[in-house]
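**Student:** First the structure, then my questions, so here it is.
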Amino acid sequence: MISKSLKGALHSYSFRIALLYVLFFLVSTLILFVFIFYNGTRSATEQLDETLRSDKIAFAERFVQSDLNGLIRLVNARVQGQGQDSVYSLISSEKEIIAGNLANWPQKLLPQGLVEFTITHSPGKAKSTSFRGEVIKLPDGYSLLIARSRQRIANAQHRLVNTFSWAAIITLILGLSGGYLLSKRAVRRISNISRLCRTIVDGDISQRLSIVHPVQDDLDDLTLNINSMLDKIERLMGEIIQVSDNIAHDMRTPLSNLRLKLELIEAQAASDSPVRAPLQESISDTDSIIDTFNALLRISKLQAGNKAAQFKSLNISALLEDVLELYMPLAEDKQQSLQLQADEEIIISGDRDLLFQAVANLLDNAIKYTPELGQIRVQLQRPESGGISIVLCDNGPGVPESEVDKLCHRFYRVDSSRSLPGNGLGLSLVNAIATLHKAELAFSPNQASGLCVHFTFPARTNPGL
Amino acid sequence: MQFTQEIDPTGVFHTYPGLKEKQRMHILLIEDDIQTAEYIIKGLRKNSYTCEHTPSGGDGLALALQNTYALIIVDRMLPVMDGITIVKKLRDSDMRKPVLFLSALGDVDERVTGLKAGADDYLAKPFAMSELLARIEALIRRDTQKNQVSEYQIADLHLDLLSREVSRAEQKIDLQPREFKLLTYLMQHQEQVVTRMMLLENVWDYHFDPQTNIIDVHISRLRTKIDKPFDKPLLHTVRGAGYRLHDQ
């Protein structure tokens, strides 16, 4: 459950937006860091160079005022005053150290100008200090090295990196968790909306979304719009039902009278009258209009009404046996084998007559569309996904995959079947009955050829088990 | 008024031999659509019934309570008083004559409502005259011959409900359970027209619309067993209406 909500939040649109924002923050923090780091380092280095320059000037003045000995004295005085932060070293032309705090003249040091070098304090230890300084050439082959430790700059740099790393981590944590919480909230509201839409699709259009927030936000706007859309759909549906009820009522009586009148005329016509045959055709035409009309009305009534309250417990296995027994002679006439596999008695809750109608329509189709000597199998199964499934398979011509979705549309008929009798309402009625029972109607191709129809009741309409 | 039997060769409006000996059957029709009522009256008269008609529910109830009718046909949606109320009041005042509902409300639920109110049969509009006539005949017959029997006989065909045996000309005939039930219903209504819808409702006990004429297939199965091996056919098809077990 938790992992599901986490997954939902992580996959949500709002979380993705939050993630994008966190990324923007990180990038801008990084850019800021680079600026600060670069400029800070530069100004610190400039400051160090300034110190070196003033040192250099001091040494130069001393050298000019006195001689080498005066210089040596100044070096020694500086070494005592400055400690480890500074390096002073005076060497002769033979690279012999004359004064200063350097044990060895660093190798690979330029003979003159700005230099950078590191000194390992005690051999074998990793700790070393980096220095920046200048080598000044003096007359008679003497060289003077003055350098300052870069340790402070390095320390400052280190602190800067640390600070910014922590800032980035905190930004990331705050951003992600904030994004997660925000999107979880958004996801919860959106999934409320989508759950409601689902129940409406399933048939209960009277449901409405609730608005609990004191301040109206954009999701509340959406909610309000969905609600007003639902109001309108409900009103339109009501009108359609009203209109079709009116049509039904207004047409029933004239249709009834038309048929009665035709019957009366036929009864009065002499047996050899030439109008007898056309009259009988008219009567059967009227009957097929009445059949279509009744079927349409029945589907509309089933789709509009909620009959689930009148459901009773019934033995679905026995019902299947009854349907098969009724249709067996029809299959036998086409030399088809019709088999029922329903090993256990299963009690479900439903409308007995409607379910009989549904299975009868499916079986009638199977017999009609399967050629002679074909095989039709009806099974009562418990699919792994739960519930109870009536599976009806034939080895007829099947239905092209592109047409499967349209099978339940009113008046839809697969092209190859148009020559056979039928009004294209049989499966619409089955579908309406399935919807009423919250059952699922699905089609799949049979192994070699033919069609399998799955009429699957959800587990909850099965209170006896 | 003269009482005549018209012979109808088409079989749409049938004549019933049994009626000859009986009193003329008087039927009350409570129907607010004048044209429908007119056709029904014509159809009934053609079939030797006499008929009284009123479009008003209130008047209908008053007439019905006189209890002089063999059968009452009631529409459900009527001015002044609806059909359900009429039937309930009739049954409350102990009027036991058969009542048939004729209604535009054709759902199974509506049918159940009608039958629960006390009606004996329920026919949805639009309907065929032949269907109405067959049902009227069945109701009136049921009303006049109330004693239960356990054996039925027509010509040389014999059916025993207790031993569940069927024989014709002393030859035993094996029937499937449903075929037995079908033949029983036909035997109980011998010499009457029985429609396909009546067979579905009474023999199969499910209310549904078969897309195919599935009943015909079952009848022809039954026919091969009870008629085919013998000289004289007993189970006849009545065109445009249904079937009839008929001797001669």
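**Student:** Could you check how many residues of segment B:19-36 are more than 20 Å from B:F101 (Cβ to Cβ) and either open to solvent by 20 Å² or more (accessible area, probe 1.4 Å) or modelled with pLDDT of 90 or more (or both)?
**Tutor:** 5
**Student:** Which ones in segment B:183-217 are within 15 Å of B:T237 (Cα to Cα) and within 14 Å of chain A (Cβ to nearest Cβ)?
**Tutor:** Residues satisfying the conditions are B:V193, B:T195, B:R196, B:M197, B:L199, B:N213, B:I214, B:I215, B:D216, B:V217.
**Student:** Can you give me the ranges of the strands (runs of 3 or more DSSP E) entirely in segment A:104-217 with at least 1 residues that are of a type in the set (A, V, I, L, M, F, W, C) and within 60 Å of the chain's Cα centre (by Cα)?
**Tutor:** Working: elements: A:113-120, A:128-137, A:143-149.
Filter on segment A:104-217 gives A:113-120, A:128-137.
**Student:** Do you know which of the residues in segment A:242-270 that are open to solvent by 60 Å² or more (accessible area, probe 1.4 Å) and in contact with a helix residue (DSSP H, G or I) (Cβ under 8 Å, 6 or more places away or on another chain) is farthest from the other protein chains (Cβ to nearest Cβ)?
**Tutor:** Once the filter is applied, the top-ranked residue is A:I265.
**Student:** Suppose we keep only residues that are at pLDDT 70 or above and either outside any helix (DSSP H, G or I) or open to solvent by 100 Å² or more (accessible area, probe 1.4 Å) (or both) within segment A:1-19. Which one would you say is farthest from A:L219 (Cα to Cα)?
**Tutor:** Among residues in segment A:1-19 that are at pLDDT 70 or above and either outside any helix (DSSP H, G or I) or open to solvent by 100 Å² or more (accessible area, probe 1.4 Å) (or both), the one farthest from A:L219 (Cα to Cα) is A:K7.
**Student:** Further question: State whether one or more residues within segment A:413-433 are more than 14 Å from chain B (Cβ to nearest Cβ), at pLDDT 85 or above, assigned to a loop (DSSP other than H, G, I, E, B) and touching an Asp or Glu at 6+ places or on another chain (Cβ under 6 Å).
**Tutor:** As a first pass, look at segment A:413-433 and keep what is more than 14 Å from chain B (Cβ to nearest Cβ): A:414-416, A:418-419, A:431.
Checking the rest, the ones that are also at pLDDT 85 or above come to A:431.
Now drop any that are not assigned to a loop (DSSP other than H, G, I, E, B), which leaves none.
Within segment A:413-433, not a single residue is more than 14 Å from chain B (Cβ to nearest Cβ), at pLDDT 85 or above, assigned to a loop (DSSP other than H, G, I, E, B) and touching an Asp or Glu at 6+ places or on another chain (Cβ under 6 Å).
**Student:** I would also like to ask the following. Kindly indicate whether A:L74 is at negative phi, open to solvent by less than 30 Å² (accessible area, probe 1.4 Å) and modelled with pLDDT of 80 or more. Before the answer, list the steps.
**Tutor:** Values: at negative phi: yes; open to solvent by less than 30 Å² (accessible area, probe 1.4 Å): yes; modelled with pLDDT of 80 or more: yes.
Spelling it out, A:L74 is indeed at negative phi, open to solvent by less than 30 Å² (accessible area, probe 1.4 Å) and modelled with pLDDT of 80 or more.
**Student:** Working carefully through the options A:S273, A:S228, A:S317, A:S313, find the one that is within 14 Å of chain B (Cβ to nearest Cβ) and either more than 28 Å from A:N192 (Cα to Cα) or at pLDDT 85 or above (or both). Even if it seems obvious, please write down each step before you answer.
**Tutor:** On the way: A:S228 fails: within 14 Å of chain B (Cβ to nearest Cβ); A:S317 fails: within 14 Å of chain B (Cβ to nearest Cβ); A:S313 fails: within 14 Å of chain B (Cβ to nearest Cβ).
Answer to the selection: A:S273.
**Student:** Mind counting the residues in segment B:139-156 that are assigned to a helix (DSSP H, G or I) and modelled with pLDDT of 90 or more? Working first, answer last.
**Tutor:** Quick first cut of segment B:139-156, residues assigned to a helix (DSSP H, G or I) only: B:139-144.
Now narrow it down to the ones that are modelled with pLDDT of 90 or more: B:139.
Residues in segment B:139-156 being assigned to a helix (DSSP H, G or I) and modelled with pLDDT of 90 or more: 1 in total.
**Student:** Looking at (1) away from chain A (no Cβ under 14 Å); (2) touching a residue at least 12 places away in the same chain (Cβ under 8 Å), which is the only condition B:Q148 fails?
**Tutor:** Every condition holds for B:Q148 apart from (2).
To keep it simple, each residue is scored yes or no on (1) open to solvent by 50 Å² or more (accessible area, probe 1.4 Å); (2) closer than 13 Å to A:I390 by Cα; (3) touching a residue at least 24 places away in the same chain (Cβ under 8 Å); (4) not aliphatic (A, V, I, L, M).
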site: A:F311; (1), (2), (3), (4): no, no, yes, yes
site: A:M328; (1), (2), (3), (4): yes, no, no, no
site: A:Q357; (1), (2), (3), (4): no, no, yes, yes
site: A:Y369; (1), (2), (3), (4): yes, no, yes, yes
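**Student:** Another question, if that's okay. In segment A:341-364, what residues are closer than 21 Å to B:Q211 by Cα and either within 41 Å of the chain's Cα centre (by Cα) or of a type in the set (A, V, I, L, M, F, W, C) (or both)? First the steps, then the outcome.
**Tutor:** Going through segment A:341-364, the residues closer than 21 Å to B:Q211 by Cα turn out to be A:351-364.
Of everything in segment A:341-364, those that are closer than 21 Å to B:Q211 by Cα and either within 41 Å of the chain's Cα centre (by Cα) or of a type in the set (A, V, I, L, M, F, W, C) (or both) turn out to be A:D351, A:R352, A:L354, A:L355, A:F356, A:Q357, A:A358, A:V359, A:A360, A:N361, A:L362, A:L363.
**Student:** Could you say which residue among A:Q335, A:Q339 is at positive phi and modelled with pLDDT of 85 or more? Break it down into steps so the answer makes sense when it comes.
**Tutor:** Values: A:Q339 fails: at positive phi.
Criteria check complete, one pass: A:Q335.
The values are calculated or read from the model by the stated rules, or taken from the named source; none is laboratory data. Values in this document were obtained by computation on a predicted structure and should not be read as measured data. Every residue, glycine among them, receives a Cβ derived from its backbone with ideal geometry; neighbour counts consider all protein chains shown. Heads up: the accessible areas ignore ligands, DNA and RNA and are worked out on the full protein's heavy atoms, side chains in. Shrake-Rupley method; radii C 1.70, N 1.55, O 1.52, S 1.80 Å.
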